[in-house]
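> Before anything else, here's the structure in question.
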C-alpha cells in the first residue's frame, strides 16, 4: 500500500501568510463589486457633490479671511502708531534728561568752585565720573568694524558673530591700552556687558550690524598691541574661513558719549556718626 503524503501544517501556514495578503471576506467582497461597475450618472453625481462641498469650504474660508482683514489691518496700524508714539516720548525724555544733567553739572560746578575744599570735592567727583564713564570723552583712537558675511546674515550658524566673539574683541582692545570704549554707540561702563538675547545687547540696549567698536588711545600703540591679541587673531581667521568683515581704522578724533548711570543698588549714604561709648571713671 503506497505511503500517504504527510501534510506539513507549518509550510502551509507560511505560504498563506506570504501569499494571501487580503482577508478572505474582503477578497470575496472585491470579487462581487468587480462585476457591478458604478453607473455613469452616479459618478457624475458624486463628483458634483464633492466639487460643491469643496467650493463651499473655500468660500467660507474666503469670507472669514475678508471679514478679519480690516480688523487685522486696523490692529497693525494701531500697534505701529503706538510704537512710534512711545519712541517719540522716549527720545523727548532722553533729551530732557540730558538737559537736566547739564544744568545739574553747571550748578554743582558753580557751588563747589567757591573755596579750596569745594574744588577738591569737585576734582574727586570728576575723577569718579571719568572712572565710571559717566561723562563724554574725546580723543584719537581706533575704530574696529565687524559684521557677518553678507550671504549669511539672518541665518543662524557658527559663521555668525556671537557675543563671546565681541567680548574677546572688547577685552583685547582694553588689554591693548584703550582708555575709553563704546560698542555700537553705547559707552562701556564698569558694569556694562556684551551679551546675546534674541539680538546683540550692549548694556541691555540693542545694537545692529555692522558692529562698530571705538576705543580712545594712542592710535599707533593701540594698533601695534591689538594686532598681537586673541581678538585680532580670531577675527582674522573668521575673515579667511567665513568671509566675515573686519576692518581696523586709525581715527584722529573720536567722540564717545557718557554711559547711562544707574541708581546704586547697594551703596547708601552714611548715617550720622555715632559717638563711641565712654568708659565711666572709677
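The values are calculated or read from the model by the stated rules, or taken from the named source; none is laboratory data. Everything numeric in this text was worked out from a predicted model, so none of it was measured. Note: ideal-geometry Cβ built from the backbone for every residue, glycine included; neighbour counts use all protein chains shown.
> Can residue 240 be described as in a helix (DSSP H, G or I), modelled with pLDDT of 90 or more and in the same structural domain as residue 143 (by TED's automatic domain parsing)? Write out each step before concluding.
Numbers: in a helix (DSSP H, G or I): yes; modelled with pLDDT of 90 or more: yes; in the same structural domain as residue 143 (by TED's automatic domain parsing): yes.
Answer is yes for this residue.
Yes/no per residue for (1) within 19 Å of residue 216 (Cβ to Cβ); (2) under 32 Å from the mean Cα position of the chain (by Cα); (3) at pLDDT 80 or above:
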residue	(1), (2), (3)
121	no, no, yes
139	yes, yes, yes
142	yes, yes, yes
151	no, yes, no
154	no, yes, no
162	no, yes, yes
165	no, yes, yes
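> Right, here's the next one. Being surrounded by 10 or more Cβ atoms within 10 Å (Cβ to Cβ), in a helix (DSSP H, G or I) and at pLDDT below 70: is that true of residue 54 here? Please lay out each step first, then the result.
Values: surrounded by 10 or more Cβ atoms within 10 Å (Cβ to Cβ): yes; in a helix (DSSP H, G or I): yes; at pLDDT below 70: no.
Here the answer is no, as residue 54 does not meet what is asked.
> With the condition kept exactly as written, say whether any residue in segment 215-233 is at pLDDT 90 or above, in a strand (DSSP E or B) and farther than 17 Å from residue 148 by Cβ. Can you show your working first?
Going through segment 215-233, the residues at pLDDT 90 or above turn out to be 215-233.
Next cut, in a strand (DSSP E or B) only: 215-216.
Adding the requirement that they be farther than 17 Å from residue 148 by Cβ leaves 215-216.
Within segment 215-233, one or more residues are at pLDDT 90 or above, in a strand (DSSP E or B) and farther than 17 Å from residue 148 by Cβ.
> A further question follows. Taking segment 159-207 as the search range and keeping residues that are in contact with a helix residue (DSSP H, G or I) (Cβ under 6 Å, 6 or more places away or on another chain) and in a helix (DSSP H, G or I), which one is nearest to residue 127 (Cα to Cα)?
This residue is 172.
> Taking residue 255 as the residue in question, decide whether it is over 16 Å from residue 167 (Cα atoms) and at pLDDT 90 or above.
Details: over 16 Å from residue 167 (Cα atoms): yes; at pLDDT 90 or above: yes.
So residue 255 passes the test.
> Going through segment 99-134 one residue at a time, which ones are over 14 Å from residue 258 (Cβ atoms) and either touching a strand residue (DSSP E or B) at 6+ places or on another chain (Cβ under 9 Å) or not in a helix (DSSP H, G or I) (or both)?
Residues satisfying the conditions are 113, 114, 115.
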